[in-house]
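Worksheet: the structure to be examined is printed underneath.
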Amino acid sequence: MERQSRNLLITSSPPYIKNGETVHCLMFDVIISLVPAALFSIYVFGVRSLWIIFISSMTAVITEGVLQLLFFTKEFNYKTPILSFIKSEDITVTDGSALVTGLLLAFTLPPTVPYWIPIVGTVVAIALGKLAFGGLGYNIFNPALLGRAFLLAAWPVYMTTWLATINADVVTTATPLSMMKEDGQLTPIINLIVGNVSGSIGETSVVALLLGAAYLFYKRTITWHIPVSYIVTVFVFSLVLGMPAFFHVFSGGLILGAFYMATDVVTSPCTPKGRIIFGCGAGIITILIRKYGGYPEGVCYAILIMNAVAPLIDRIKR
Amino acid sequence: MWTVLVGTLILCGCGIVAGVTLVGAARVFAVKTDERVETIEALLPGANCGGCGNPSCYNYAVKLVSGEVEPNRCVLSKQESLQAIGDILGIKVEAALRRAASVCCLGGMVAAKQYEYAGMPSCRVAVLYTLGDRQCQWSCLGFGDCSKMCKFDAIYNKGRSIPFIDADKCTGCGACAAVCPKDLIKILPVGFPYVVCSTKERGKAVSKECPIGCIHCLKCVKGCPEGAIKEIGGIIKIEYSKCIQCYKCVEECPRKILKVLSTVRQEEGATA
Amino acid sequence: MDGFWPTFTKRTLRPANYMQEIAAMHTEGIETPEKVVLFLQDFCQDFCVKSNDIYEVYVKEGERVLTGQKIGLLLSDSKKLAVHSSISGEVITLGEALHPLGWKAYAITIKSDGKDERAQLRPFEGSGLTSSKEDLLHFLSDMGILIDYGLPEQVSTLLINVTEFEPCFSSKERLVVEEQEKLAKGLEVFLKLFDSAINTIFLLEKRHQHLFSNLRQICSVIKNTDVQVVRRPYPVTLQSLLRERITDGKKTAMIKWPNAVMPNAVMPNAVMIEPSVLVSIYDAYYKGEPFIRQLISVVGSAVKKPLNLWIRCGTTVDYIVDRCGGKTTNVKRLTMGGPLMGVPQHTVDVPVLKRANGISIDVAVLFDDERKSRVYKPTQCIRCGKCVDVCPAKITPNAIVDLIQDRRYEEAIRLGLFSCLECGLCYYVCPSILPLMELMKMGKYRAVGKHTLLTYNYYKML
């Protein structure tokens, strides 16, 4: 047709430019920022922590891939499995969110756990925490924390056996928080900041975690609202309750939780005001659990509770 | 052993007490409703399609019992169930004209392009830019917003094409017509002729834009023995009250634009 | 696959200045195009599409017109605006032509005779009008300059928007650098429209700080004038919001002023204008030259040399393409008004928009020879809230778009659907690549009822 030979312009809605950011980028920023903490944990707890991180992240990716293959794909050509796996629109393993979940779950585990614990944990985290709700973007709770909460409830002994640091023998000790809770014994702040204490794989070193967080701020992957409001609330509220404020800020998983868990984009509110409320709420619940609760550590449950409230906060604080 | 027995007994006891209380409560606090509403609601299809003008089948049943509406307003029910509803209400049910949706565009992807559309694949978005990428203002855009609205799987698109409407499954609820940004989908009675082109242009202007569009030759208007077909404001309209289903207009049409809306249909419309 | 591999570069929340080099480009002029198309129905780009359907034509087909001759009049509710021929030549057609905003509108097409003979100039001095406010407004509308936001009584601040929201264009910058004296004198004239002394603030972006000294020179001439450096640029449509806010305070849209943008948190008594308006006011007031030329930026990958051009109003785009060393057959995408908020065009035969949205006379044309966007597939929203962070209207695009997709328009309106400025930043930052802006636009039309669009376009047939 002669009409078709005319030069037809392309028309679409205006924003023709994009800053090139994708979900993929966001997730890989988080992974890159977790590298210093992971390296530090390998230095402190030995190769065992590397294995736990590796097993956990691999299980997460495999679980997500297999489950999406089984339940999420509408059309899958089994004759060319690899090609259709890559090209399928429904399979989104490649966006890296499963890898982040697996890494973060491994970071919350003690270095002494048997190797099947991270496997069970990540399967629960991915299957129940994420894919049961419909995949990335639909989940209510942070999947990594959901997995940890499950493990803590199911195998409390494994989850609370800690390893003494640096000279990584099989000498079990208690974390600074449980020492504080049971004996009223305070660990020096400098040890907490450097990471020369026992604890979960990723949570010990404040310096390494802040290094990663600085990268996230530089890439604008996270905003300041949640971490700052969370940490400030913990500081102020522990002062109000007459507890050692600096100790509470630097001990336990607070830094890890504030910068990586609570800022999980899917499960936190999207407005700036909502994020501040979210951070404050998480801080108050954390201190309440640490002071009055049965557990020495409250970050995990505080963030999970606030995750459940996040849609409500979104609704109120538009 | 003893503890197990005690536990079981306590549990059973709790169950029995709760059950008895609930049964009692249901009896005491029961709200008096017309029993016919429930039976009629069971007879209705329960799709809550909104085709009758009520938000749900329950509301429709309540209105039926109070005598506000006729039973044949339900587009989904089969004749037998309508009869059964009539029996319950004690009224005679007349068969309603069966209506189905039809896309009044024949050209669609065949019509000449004015630009390449690269935006979101949705008719409602594409129509914001000079009413779509076809030169004909009245052409179907074929992204299938209507097929996503259909609750009965009666409409489907094969890629970008004029949607195919399965008149057997179509209930005439009008959800697709409401979403069509160009008003190309019309709810028309089954078994009558209809015009499969919505253009208001005439003659040469049409054939420039679309090779198979209606050129308004008005042969159908002249050929109709009952005078049921008229051209008003560029649109050819058929008065269905006058139509005697002689299908002379369908034979007269030189471009085969008039068609009979039948429940058994061939897949129509060219794909790009 | 840009965006697949992680990079260490900082992601910006706002588009950077993509074309720095054209900032230094001197403006050039196309003097007489072969033909111009002048519309007598100018449509408002703002939402609530409404056309000024009443118009008067002073010329007949085949008549010879001179440059600057009044050929028509545009009337709407209480305003009127003269349309002048921008070249000398012969009127070839009177009738409907394709408008850049997508509809067909009544237009006068004039073919040039190449002589560019000028009609008599009528400066304000010799026109016999008094210097009262009404007379000045009448004079300006007679000269084709639209001051259409019906100046309110209690204006306390005049904002002159030197910020450029679109990333590629530098016409405003060049205007400040080259036409500095005209700006100052035009501003003096414009200030006569106000009874009391008011503050004038030039809004300048941080990245354009080299203009600071130029603006300070203007400030030294005129009293109560200041330059304020703002962090973020204004979208052009923000002005229409401002206008709404001035004309009727009861507008339903929940407009919250972005604190970071506005110098003071809320400025209900402010008027915002573009610097180009001041230049054309100067031309009209002192030289008697009606509004027949405008400054545009021409950028894009199909253009050999990006340019700032002074063109005659109504010049068609294919002429500009030829002038800029491009081939019309190479143009694949044509946009009027920039990559974020522009109006997409589907043919190169359209004339350049005379007024983008009733206030601004700044227009930029963007050509591209290939598709640049839409290489990604949209995925599920991950509720990261980046669209909320960047939104200048302080609404939550992700929540509104969710509601629009469910066709719950009333709730969407309650969340501020109509506050949306259609600036496109939400799409620019969205990591899930959701077509947020398209959906917002669609939602606006569907929320009012789909028939607004249809009846509007079918008016000639019904």
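The values are calculated or read from the model by the stated rules, or taken from the named source; none is laboratory data. Keep in mind it's a predicted model, so treat the numbers as computed, not measured. Cβ atoms come from the backbone with ideal geometry, glycine included; neighbour counts cover every protein chain shown. Surface areas here come from the heavy atoms of the whole protein model, side chains and all, with no ligands, DNA or RNA. Shrake-Rupley method; radii C 1.70, N 1.55, O 1.52, S 1.80 Å.
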- Please identify the pairs in which a residue from the range B:6-20 that is among the charged types (D, E, K, R) has its Cβ atom under 7 Å from the Cβ atom of a residue that is at pLDDT 95 or above and open to solvent by less than 100 Å² (accessible area, probe 1.4 Å), counting only partners at least 6 apart or on another chain. none
- Message: Looking at the structure I just gave you, is A:L239 more than 14 Å from chain C (Cβ to nearest Cβ) and open to solvent by less than 50 Å² (accessible area, probe 1.4 Å)?
- Response: no
- Task: Please tell me if A:L256 is assigned to a helix (DSSP H, G or I) and either in contact with a Pro (Cβ under 9 Å, 6 or more places away or on another chain) or touching a residue at least 40 places away in the same chain (Cβ under 8 Å) (or both).
- Result: yes
- Message: Looking at B:P45 and the list (1) part of a helix (DSSP H, G or I); (2) under 27 Å from the mean Cα position of the chain (by Cα); (3) of a type outside the set (F, W, Y), which single condition is not satisfied?
- Response: (1)
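For residues that are open to solvent by 70 Å² or more (accessible area, probe 1.4 Å) and of a type outside the set (F, W, Y), scanning just the range A:289-310, find the one that is nearest to C:V390 (Cα to Cα). Quick ask: steps written out before the conclusion?
Quick first cut of the range A:289-310, residues open to solvent by 70 Å² or more (accessible area, probe 1.4 Å) only: A:291-292, A:294-295, A:305.
Retained after the next criterion (residues that are of a type outside the set (F, W, Y)): A:291, A:294, A:305.
Numbers: A:K291: 39, A:G294: 42, A:I305: 28 Å.
So the residue we want is A:I305.
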- Task: Being open to solvent by 10 Å² or more (accessible area, probe 1.4 Å), touching a residue at least 40 places away in the same chain (Cβ under 8 Å) and out of contact with any Pro (no Cβ under 8 Å at 6 or more places or on another chain) narrows it down to one of C:K192, C:K206, so name that one.
- Result: C:K192
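Would you be able to say whether some residue in the range B:172-195 is charged (D, E, K, R), more than 16 Å from B:V260 (Cβ to Cβ) and within 11 Å of the chain's Cα centre (by Cα)?
The answer is no, given that none of the residues of the range B:172-195 is charged (D, E, K, R), more than 16 Å from B:V260 (Cβ to Cβ) and within 11 Å of the chain's Cα centre (by Cα).
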- Listed by range, helices (runs of 4 or more DSSP H) wholly within the range A:56-141 having at least 1 residues that are exposed (fewer than 15 other Cβ atoms within 10 Å of the Cβ) are A:81-87, A:116-124
- Message: Condition check: in a loop (DSSP other than H, G, I, E, B), away from every other protein chain (no Cβ under 14 Å) and open to solvent by 40 Å² or more (accessible area, probe 1.4 Å). Does B:D87 satisfy that?
- Response: no
- Task: For the range A:190-201, name all the residues that are surrounded by 17 or more Cβ atoms within 10 Å (Cβ to Cβ) and not in a helix (DSSP H, G or I).
- Result: A:G195, A:V197, A:S198, A:G199, A:S200, A:I201
- For A:V35, are the conditions met, namely being within 14 Å of another protein chain (Cβ to nearest Cβ), at pLDDT 85 or above, in a helix (DSSP H, G or I) and surrounded by fewer than 16 Cβ atoms within 10 Å (Cβ to Cβ)? yes
- One residue from A:L50, A:L67, A:L9 being within 14 Å of another protein chain (Cβ to nearest Cβ) and at pLDDT 75 or above: A:L9
- Task: Within the range A:151-171, identify whether any single residue is on the phi > 0 side of the Ramachandran plot, in a loop (DSSP other than H, G, I, E, B), modelled with pLDDT under 80 and aliphatic (A, V, I, L, M), and answer yes or no.
- Result: yes
- Unique residue being out of contact with any His (no Cβ under 9 Å at 6 or more places or on another chain), among the hydroxyl-bearing types (S, T, Y), open to solvent by 30 Å² or more (accessible area, probe 1.4 Å) and assigned to a loop (DSSP other than H, G, I, E, B) when the list is A:T204, A:T187, A:T267, A:T223: A:T223
- Item | Of residues in the range C:65-98 being among the charged types (D, E, K, R) and without any contact (Cβ under 8 Å) to a residue 40 or more places away in the chain, the one surrounded by the fewest Cβ atoms within 10 Å (Cβ to Cβ) | C:D77
